Every structure is written in structure tokens, then in C-alpha cells.
Amino acid sequence: MLAFESAVGWRGAVAAVRAVLCGTTLVLSGIGHLRDSWLAELRQPEELRMSKANNFDVQSTKICVLCGRTDDCPEKYGEKRTYVKYNLTVHYYCLLMSSGIWQRGEEDEGLNGFLIKDIRKEVKRAAKLKCNVCRKKGASIGCVTPKCKRSYHFPCGLERECIFQFMEDFRSYCWEHRPVQEFMDKEPRGASQCTICLDLVEHLPVYTVLKSPCCKNAWFHRECLQYQALSAGIFFFRCTVCNNKDKFQKEMLRMGIHIPERDASWELEENAYQDLLHCYQHCDVKRCLCKKGRDYNEPDSKWEIKRCQYCGSRGTHLACSSMKSWEQNWECMECRSIFAKSGQYSKQKKRALATSEKTNGTTCLLEEPPRKSPRKSSGSPRSFLLQCITKDNMPELVTLLTPRTASIQQSDNVPISSDVKEELVPENIQYEDIKFIIFLHLTQQRKEVSNILKELKVQVKTKATRLNINAENCWSSALKGFRQRIFSPTNTIEVNFSNCKNRSKTNASAVSKHHFFQLLMLHLQNSSLFEGSSAKNLSFDFQAVKENLYFEAGKMIAVSLVHGGPPPGFFSKTLFNCLVYGPENVKPALEDVADVDVAQTINMIKYANSLSSLQSTLQDSCEFLTAAGCLRPVRALCDRNMLVNDILIYHVIKRITLPLESFRQGLKTLGVLEKMQMHPHVFSSIFCHKPERLSAETVYDLFTIDSSSDEGADFWMGYLQDVESGDSLVTLEDILLFVTGSYYIPSVGFDPEPTVKFLCIRYPIGNRLLNCLELPITKTYQQFKNKMELTIRNTLRVERE
């Protein structure tokens, strides 16, 4: 007796009928229901039954009826789908590339337009054909080349390196007749970096390697391109070097890369760009009065946040800026200063209030600080100005310069020439005013960078990763630490110098980390990865490319910025623009050429005074011009300018395409490169400019004085001025090291922010965990100065020993 407690589907009904016909006793619950549902199912057309979505299932153990394999790998074989009621399992690519079947139905009929009866006919046809690879029957795919009789399964074709073209008639080519890419006889052999996976790829005409049709030196792994195409889809799949789409896609389809006709995977993610809809909600005034914090926003109350009417990227509570209603306009300090300098801001400046004065019960907190004088720079004032004028601060200078500057037009990415600078700065300009504007501009930019990096620092977790660093070989030990399996950029970094003894735990988390990042930036600046004197560009070091050192360098700089290290400060403007705007949008200058011989050759071409001398120079430099791809006939003297430009683009940009791309990938760590591209002008202040030496005012502004004990503030400021002027045995850097454990001010700022307290203690105390300087209250300034110098000198001397 056969017992069916609960038979489901028409198979159970068929089993029941067979049991009855064979004379077998059958116990079947709900047989009436089964009969009705079975008959209703059989009355439906076959294709309609097949098209029901809930009839499909992914069965990893089912065998594909076309290739005979159980593999479930959508990237290689397409989606594997099973129609349960017909016991039919098939890979989508196997079906798509089969030679004897076409999509005769609509997209919602059968299996993506392939009718069930057509699939069965194709299975029967293929059952008669033997695969030329595995020697088993069922080979449904044949080579389209006339007179070629080879047949194979789709997976067997992939293993034998056949080409399947997912376009037009979906042609298939066997391993002997497959299309190949054309290689020039002078094509450079060797290896370069795949710009997708960043591993090396050999320049060989083989199946696993594909060459870009639009870029001369762009090579890819076939597997990398296929994964990229599946992710990007037909709308976003393009050359990763030059961004070409049409020519690149056409060639990749010809060479068997499947590009699905759908949107990119990141575009299909739900709420992927939800963050872009958020409005700025933060109070940025110097002293926020809201007890619930700067991010608190209560509409229709005095704690509602009002954004700057010009930039929208700064805000204030209505009460914090003494605003009576939402209708009042408010401008942030940055926008107000810009409009004031341009002469378009006519609002009268507010008078600074005394401590006891109040306005509607609220202290006025938006007063502009008194003008500060920056530390005087060495060298002649005029040479200093000519070095400092850039595109970032040109708008700030317009109002102070002569009207003829209005006629000076500069493109966004072309550096200002020295001739233009000379015209921009006439002899009768007040240099102190211009220097002050430049100083103020860079200072403001660095404050903005600090706020941006603090947003990125939110990613850093409390979980710590310890790096054991050898100070004598900082680069190798840092490289080993960054490459270890447990290292994560989002973990808190602790540094232990393995060749230094007697370092306390507090020191390891403060002084050691700051010292490590300082050594690391100094090594990178002087390493073979960069070339140039002060403003450096990337060099081309094949060994470094092979070992992926450019990626590690970019990663280290990104980690250093977010974790409290010093800014690089040695990038050339050309290198910075290549990183944020892309190399195709940058025009290099002769100053970017570090090789003396190359610079001399370019100069000889640029300043050739006759056609004969130009041609002679080109003949002497034939080998160099051939390597640069710039060897061409020159028939007029005016052709030299275009030739010089092409040589510069090759030597400064195209020659380092692979190192640059690898370096950019490293800078993407923790989202640094993305922020650089969003705020290029502010980030140029820390990548292209060394920070000014510490001044008394910089240190004074860095520390917040505890309001409950500020009776020694005058002594504190006077002491800083003495240190700056050289009337002291310590330096401003020593004071900063004594309190924070760092010689420099990190780009991200200190966490927590440095504070000063005046207490009834005998000697100063530097609390590096809290970045707090506790100072003694003395009767005379000389007593204060003596105690400061005695404590700081002895403390730092003991640490050095």
C-alpha cells in the first residue's frame, strides 16, 4: 500500500492514477482538490504556465538540460533557473548562445522569450551532437565560421577559450577561428598595471588579456573586464583610463565581454543617494548657547537653525545670532568677508561689546575678530607674493589690485604664468595688505579642511591596531604594518617604536603616533615615488608599480590625514589637479619636468629661433621623441608650441598613468579622495602648501582658556610673544609638544581641543590625554616665565634621553 498524507501538485495526481491503474491500494487525502487543480493546470497553454514567476526557482543541485552541469555561477554561465513542474533547469547563457533556438515569444513568455517547446526541440537537436572538448553529447553551440564543424557546450567553450558575442545574432567562435586584437609591431612588451584590479598584466596577445582600443597603454584582465561590465551595465561601462564609451564597448562586445542591458548595480540600490537630500543642520557660531548641542534644531522656535543665505553650508540657531525671526537674513563669516572685500557688502560692522553688555539678553557672538598680523616671511616681499598668488586666492586679490587685472583671464586648470603674476602685482601695491589676505585665505581653508576631516574621523572605531615601527627604517616597518591582515584604516592606530625604550602607555598613544606620521610623510617626500624639488610630481618607478607601492603611499597619506598626522604639503599643483579633476583635464608646465636633460630638450624646442635649428634639435632628440610618441614632421616654426605641449603631457602625465591611478585608489581610503574632489580649493592648502611656522597668535588661538580661571591670560600671551621673538630658551614647537605630544598642528585638529587652565599649583602640567595645559598663578611675569622654561626644558630633555 502506498500512503500519501499530503500530495501537492499534478505529479501527486499522476502517481495516484498510476497506482490505481496498476492495482495498488492508495490512501490519498484531499483527492478531489488535487483532481480539480490538476485539470485546471492542464487546460492552460504551456507557455502561460511557464511564465508564472512563482514557478521558477534556483536549484543548485539541478542539472542544466543543455550543458549537463550543476554549476551555479551567474557571472560565468548566467542565471540558473529551474521550472519545477516541468523538471527543466537551464543556464541563461547556455540558452542564449545555443545555435538552433530563437526568442519567438514575448519577454514574459516562457523563459525570457524562449518558448518551452522550442527549448525541448533544441535539447533533442543537441543530443545528437558530440562536444569537441569533453566528448559528451548535448553540444548545442557551434562555431559560425563556414566549413567549421566544431560543436561544444557553453562551459566547455569557456574552458577552451572560445569567444561568445553577446550582441546581434549571438555568434560563437571556436578556439581556432575566434577574433583577435591587432597588435602593432612596435607595441611595447613587458607588463603594466590593470587599472581595475591593480595587479600586473602581461602585454601578450592571449585570450586572458585585452587591450583598450582607445588608450595606447591600457591593458586589462578579461575576467576583471567581465566583472566590471556586469556591475556597471550598458550605461556606465567604459574605459577606466580615458572614459571612452562607444568605441570601448564595441570592441569589448566583439571580444566576448557580456554587457547586460540594465542600469548599474549601484544605481539599483534602494535609497543609495538619500544622504544628498539632507539639509545642513548645525550651529557654527563661535559659542553656541543651546544646551542640547549644536545639532539640535526645533522649528518655529529660537532654537531653529538658519542656514547662510549665500552658501548654505554654515548655520546658526536664531538665538545664538540674536535673530528675532526666521525672515531675517544671515550670512556666515566666510561669505561676509568675501563680500566685504569685493565691495558688495554694505552692512555696518557691529561694535564689539564689553563683557557686561547684552543685546536682548543674549551676548553678541558674531563680532569679527580684530585684524591679526601674520608672521613675517623670509625673503623679499615681492618674491613672496609672486610665489603665493594662485587661482585659489586670485578672487581675494582683485579688489586690491589695479583695474587691468580684470582683463587677465585664466582657465580653471592652467597655472598662472610668471608674466601674468608680474602684471597682476604692480610695484605700488601695499604688500602687507596682500600678504595678510593670502595668510587669511590659507588659514580659513585649513579650518575648513579640519572640519571636513573631522567628518571622516567619525569612521574611526575605538578598537586599536598596534604598529611596531623601527625609527631607523620607518618605511619598511610601516609598509609591513599597513599590509598585515588585521590592519584596518577604521581602527584606532597605536604606535610602538621597537628600538626605543622606556615609553609609557600615554606616550605610545600620543607622541609616538605623531612622530611616526611625521617620519612617514618626510620619507614619502624624499622617496623615489616622487620627483621634483619642492613642488613634486609622481615619478615612474617600475619596481614600485610592481610592488603596488603607489597604492600604499596614497593609503598612508589618507590614513595620516584622518588619524591626526601632518599634511603632505609637497604636491605640485599639477599633481593635485590630476588627482581631483582627472589627468585628461590638466595642462602641465615646464616647471613640472624634474629631469634636467628632458627639460633642456624641451627648452631647445620651445625657444628655437629658426626652422632649421628646430629640425636639428628634433633630429638629435629622435629617440626621446619616438618613446614619447611625439616624433612628427615639422614644416613651420609655429608647430613647436603644439609639440612642446604634447611632450609635456606625455612626460608629466601619460608616462605616469599607472602610478597615478594606483595612487588615486590609495587616496580613496576612508573617503579622502572623494572629499578632495568635492572641495578641491580647500584641500590644496594642505597638499600644495607647507604650513607656516607657528606664531604666538596661532598658539594662543589654538588653546581655549578656561573661563573660570583666566586671571593669568596676560602672562600666557606675553610669554608666547617672548618665545616667538627669541627671548626664551624654548620654542613654540616645544610648548605644543609639551601639551599635546606633537610638534605640529594636525590637519584634522586635536582631539580633544587644547585648553589652558590657571590653577594654584607650583609648576606647569601638560596633560596629553586631555591636551590640557595647567599653568600656575604667579604674582609676577618673571616668576611665570621661569617656571614655564624650567618645566618644559626638563620634561622634554628627560623624554629625549
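The values are calculated or read from the model by the stated rules, or taken from the named source; none is laboratory data. Remember, it's a predicted structure, so these values are computed and weren't measured experimentally. All Cβ positions, glycine included, derive from the backbone under ideal geometry; neighbour counts span all protein chains shown.
Per the listing ARG189, ARG222, the residue uniquely touching a Leu at 6+ places or on another chain (Cβ under 7 Å) and under 30 Å from GLN665 (Cα atoms) is ARG222. Quick check on region 674-694. Is at least one of its residues modelled with pLDDT of 90 or more, within 30 Å of ALA191 (Cα to Cα) and not basic (Lys, Arg)? Within region 674-694, one or more residues are modelled with pLDDT of 90 or more, within 30 Å of ALA191 (Cα to Cα) and not basic (Lys, Arg).
Restrict the check to region 555-570 and report whether at least one residue is within 14 Å of VAL652 (Cβ to Cβ) and part of a helix (DSSP H, G or I). Scanning region 555-570 turns up no residue that is within 14 Å of VAL652 (Cβ to Cβ) and part of a helix (DSSP H, G or I).
Here THR601 qualifies as among the hydroxyl-bearing types (Ser, Thr, Tyr) and surrounded by 18 or more Cβ atoms within 10 Å (Cβ to Cβ). SER192 falls short on exactly one of the conditions (1) within 23 Å of PRO260 (Cα to Cα); (2) buried (at least 16 other Cβ atoms within 10 Å of the Cβ), and that condition is (1).
Identify all residues within region 163-174 that are without any contact (Cβ under 8 Å) to a residue 60 or more places away in the chain and closer than 16 Å to VAL206 by Cα; write none if there are none. Correct list: TYR173, CYS174. Set side by side, the residues TRP326, TRP303, TRP330 differ, and just one is part of a loop (DSSP other than H, G, I, E, B), over 30 Å from ILE234 (Cβ atoms), aromatic (Phe, Trp, Tyr) and modelled with pLDDT under 75, which is TRP326. Scanning region 748-771 for residues that are assigned to a strand (DSSP E or B) and among the β-branched types (Val, Ile, Thr) yields THR755, VAL756, ILE765. Check whether at least one residue in region 604-621 is assigned to a helix (DSSP H, G or I), under 30 Å from GLU552 (Cβ atoms) and touching a residue at least 24 places away in the same chain (Cβ under 8 Å), and report yes or no. No, every residue in region 604-621 fails to be assigned to a helix (DSSP H, G or I), under 30 Å from GLU552 (Cβ atoms) and touching a residue at least 24 places away in the same chain (Cβ under 8 Å). The listed residues are LYS121, LYS117, LYS85, LYS149, and the only one of them that is farther than 28 Å from ARG222 by Cα and either at pLDDT 90 or above or acidic (Asp, Glu) (or both) turns out to be LYS121.
The residues of region 514-554 that are among the small types (Gly, Ala, Ser) and either part of a helix (DSSP H, G or I) or touching a residue at least 60 places away in the same chain (Cβ under 8 Å) (or both), listed by number, are GLY532, SER533, ALA535, SER539, ALA544, ALA553, GLY554.
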